[in-house]
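Asker: After the structure tokens below, expect a handful of questions from me.
The values are calculated or read from the model by the stated rules, or taken from the named source; none is laboratory data. As the structure is a prediction and not an experimental result, all values here were calculated from the model. Neighbour counts run over all protein chains shown; Cβ positions are idealised from the backbone, glycine included.
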Amino acid sequence: MTDETVDILLVEDNPGDARLIREMLKEPGAAGFRIENAARLDEALKRAAAGPVDAILLDLGLPDNSGLDTLREVRARCPAVPVVVMTGLNDEETGVEAVQQGAQDYLVKGQTDAVLLARSLRYAIERKRAEGALRHEQAYNKAVLASMADGLFVIAGNGAIRSCNGRALSMLGYDEKDLLSHSVGKIFAPSSEQPDAELERIRRGLRGGELRDLDARLLRRDGSLLAASLSCAPLPEQGTAGPEVVLVARDITDRRQLQEEQQQYAERLAEEAKLAREYAEAVLRVSDPQARLIGKGAAYKSIISFVRDAAGAPSPVLVLGESGTGKEVVARAIRLNGPRAEKPFIVVDCSTLGASLLESELFGHEEGAFTGATKAKAGLVEIADGGTLFVDEIGEMPLELQAKLLRALEHGEFRRVGSVKPRKVDIRVIAATNRDLAKEVKKGGFRKDLYYRLNVLTITLPPLRDRREDIPLLAQHFLEHSRVTLPGKKRFRRPTLEHLQAYDWPGNVREMANVIDRAVILSRGEECITLDHLPPEVRKGRRSRVPPSRGGRSKSLAEAEREAIVAALAEVSGNRTKAAAMLGITRVTLREKIRKYKMEPDKRER
């Protein structure tokens, strides 16, 4: 405390004692006091209420009150003013009780000098101020803690809960007496998988002050669980009390619920996507046998994916590939899995009709349009209205008809032969050819504008020799749906399937269907299809006469090796470990060969 002037209210009814005390407080060792005297208690209380008083020096024996009742009255009426009791009685019990009643000190007249008196008064004032500051800080801290949105616990070194804020109590539904001095383990719900390990992990984190945003489950009083995020910090050690930590628990019920809802939503979407895939595959698998796609390899999966994509789009589709590869089957599958599934599917083969007949077949004619046209006739384009028109071998279509087909595609209208009246039509065109239309465009054999209109969604079907893994499945399909109906079920012997798989099938899937029909006829009442039922070229494993794809020359060893690697990687979705096992080489060797042939690295490498 500085040497500032201190206002003292002396409550003393004995004039001599009052004069002596004033003189003591004027001595050099006790300077700085301004004293005002009151001889009665009621007079003192009025003075204390009238203006600022730094301390009260109180005699317990007054005319209007005496003993400790005097002290209690002063403390009740002036609680903020420090009181030093000074009496002529050297009574230790009275002194102790006076301090317990709120006196800052107890002095005995005749045994107190000026320095001691001054020191006692200044100490009383200083202590009272410190107590006030402490109470203010405590009230401030209590208000801060009460306003916190998070629960706060002070955990003693022995793991007991020493204190907590109101939010902690409301979060868990406890009264303060039910938590304080109890083990911190009381508020934690053990893990269902490893109950002891989970609790020990939290306790270890508390001991080290190392918990940071740890997700945990708190146990409420009613037994329910509360999702919380835990963080802690060590408190400075005080004396021998041992280390303490502050534990903050944040209620993350809303966040956890949102995470669970997001997870459930993602799982629901995944399940719906799975069901959609299964439904699409079931439709492709179980629908009309003429539109059934059969296989299991990479080529089959690519075709299935294309059919799914094309089925939902309104654009024209162009299906390329060698004769007999199943272009019409793909067209039917696209139609069956799209919005026009219930509408007509009309097929026109451009390779079987001459130009004039093809025009009449496609667009119809009016009565008298040409010799023999005795009545009007609707064409296939008109019949397909609302549905799908499959134009097979479109590369054979004459140029003049290509222009009329393009108009039907772009403007949705056409004219019958012999008519000038346009007719409206809504069709989806799926075209197929075994020709290279891009080359035909360059040569002038196919209209560029029609080619660009058709070449929106395009797929090239691989020949059967490039999808040997699908041959057993296709053979079994054709056996079960043979156009030849004979009593009893039939099956293939293993050598028969091996020869079917070894053959190159120059006529592709169409040739296989005919070979299986022939085998069914020849097998008659036999249960099994054997080698004797196959054509000689298939029995001998003769390779096809299809020209090599690279300028008429045979593939080099390096080319064959590279194609084998590409096929293996495609089969296992880019997994190099599985591809290496399939090829019978190590993963390191496979990596070196990929680098050697400058193949694009697979970003999904595992």
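Asker: Those residues that are in contact (Cβ under 8 Å) with a residue 24 or more places away in the chain, assigned to a strand (DSSP E or B) and crowded, with 20+ Cβ neighbours inside 10 Å, I need them from the stretch 161-178; list them, please. Before you say what the answer is, go through the steps one by one.
Answerer: Within the stretch 161-178, the first condition is being in contact (Cβ under 8 Å) with a residue 24 or more places away in the chain, and the residues that meet it are 161-162, 168, 171-174, 178.
When the remaining residues are screened for being assigned to a strand (DSSP E or B), the result is 161-162.
Across the stretch 161-178, the qualifying residue is only I161.
Asker: So the check is Cβ under 6 Å with 6+ separation or different chains; which pairs have a first residue in the stretch 193-221 that's in the same structural domain as C232 (by TED's automatic domain parsing) and more than 11 Å from L247 (Cα to Cα) and a second one that's of a type outside the set (D, E) and at pLDDT below 75?
Answerer: E198/P190; E198/S191; L199/P190; R217/A189; L219/A189
Asker: Considering each residue of the stretch 451-470, count those that are assigned to a helix (DSSP H, G or I), under 17 Å from K327 (Cα atoms) and of a type outside the set (K, R), and give that number.
Answerer: 4
Asker: Within the stretch 483-510, track down each residue that is of a type in the set (S, T, Y), surrounded by 17 or more Cβ atoms within 10 Å (Cβ to Cβ) and not in a helix (DSSP H, G or I).
Answerer: Y503
Asker: Ok, one more. Looking at the stretch 214-229 only, could you name the residues that are outside any loop (DSSP other than H, G, I, E, B) and of a type in the set (D, E)?
Answerer: D215
Asker: Only one of R468, R447 is outside the structural domain of L358 (by TED's automatic domain parsing) and out of contact with any Ser or Thr (no Cβ under 9 Å at 6 or more places or on another chain). Can you tell me which? Please lay out each step first, then the result.
Answerer: Values: R447 fails: outside the structural domain of L358 (by TED's automatic domain parsing).
Answer to the check: R468.
Asker: Among the residues of the stretch 109-132 satisfying the criterion of being crowded, with 16+ Cβ neighbours inside 10 Å and aliphatic (A, V, I, L, M), which is farthest from M86 (Cα to Cα)?
Answerer: Checking each candidate, the answer is I125.
Asker: I would also like to ask the following. Can you work out which of the residues in the stretch 365-386 that are over 60 Å from the mean Cα position of the chain (by Cα) and either of a type in the set (G, A, S) or on the phi > 0 side of the Ramachandran plot (or both) is modelled with the highest pLDDT?
Answerer: Residue satisfying both the conditions and the ranking: A376.
Asker: Here's a follow-up. I'm trying to understand the selection: among the residues of the stretch 511-537, which are more than 26 Å from N434 (Cα to Cα), of a type outside the set (D, E, K, R) and surrounded by fewer than 18 Cβ atoms within 10 Å (Cβ to Cβ)?
Answerer: I521, L522, G525, C528, T530, L531, P536
Asker: Right, T586: closer than 30 Å to R494 by Cβ and either at pLDDT 70 or above or polar (S, T, N, Q) (or both) or not?
Answerer: Taking the combined requirement at face value, the residue does not satisfy it.
Asker: State yes or no: is Q104 among the polar types (S, T, N, Q), surrounded by fewer than 18 Cβ atoms within 10 Å (Cβ to Cβ), in the same structural domain as R129 (by TED's automatic domain parsing) and closer than 23 Å to R135 by Cβ? Step through it out loud before you land on a result.
Answerer: Working: among the polar types (S, T, N, Q): yes; surrounded by fewer than 18 Cβ atoms within 10 Å (Cβ to Cβ): no; in the same structural domain as R129 (by TED's automatic domain parsing): yes; closer than 23 Å to R135 by Cβ: yes.
Answer is no for this residue.
Asker: Being farther than 24 Å from N434 by Cβ, under 49 Å from the mean Cα position of the chain (by Cα) and of a type outside the set (S, T, N, Q) narrows it down to one of L479, L464, so name that one.
Answerer: Criteria check complete, one pass: L479.
Asker: Further question on the same structure: With L473, L457, L450, L479 as the choices, which residue is among the hydrophobic types (A, V, I, L, M, F, W, C) and surrounded by fewer than 16 Cβ atoms within 10 Å (Cβ to Cβ)? Spell out the reasoning first.
Answerer: Details: L457 fails: surrounded by fewer than 16 Cβ atoms within 10 Å (Cβ to Cβ); L450 fails: surrounded by fewer than 16 Cβ atoms within 10 Å (Cβ to Cβ); L479 fails: surrounded by fewer than 16 Cβ atoms within 10 Å (Cβ to Cβ).
From the options L473, L457, L450, L479, the qualifying one is L473.
Asker: Turning to a different aspect of this structure: If we scan the stretch 364-385, do we find a residue that is in contact with a Cys (Cβ under 9 Å, 6 or more places away or on another chain), in contact (Cβ under 8 Å) with a residue 24 or more places away in the chain and closer than 17 Å to L405 by Cβ?
Answerer: No, the stretch 364-385 has no match at all.
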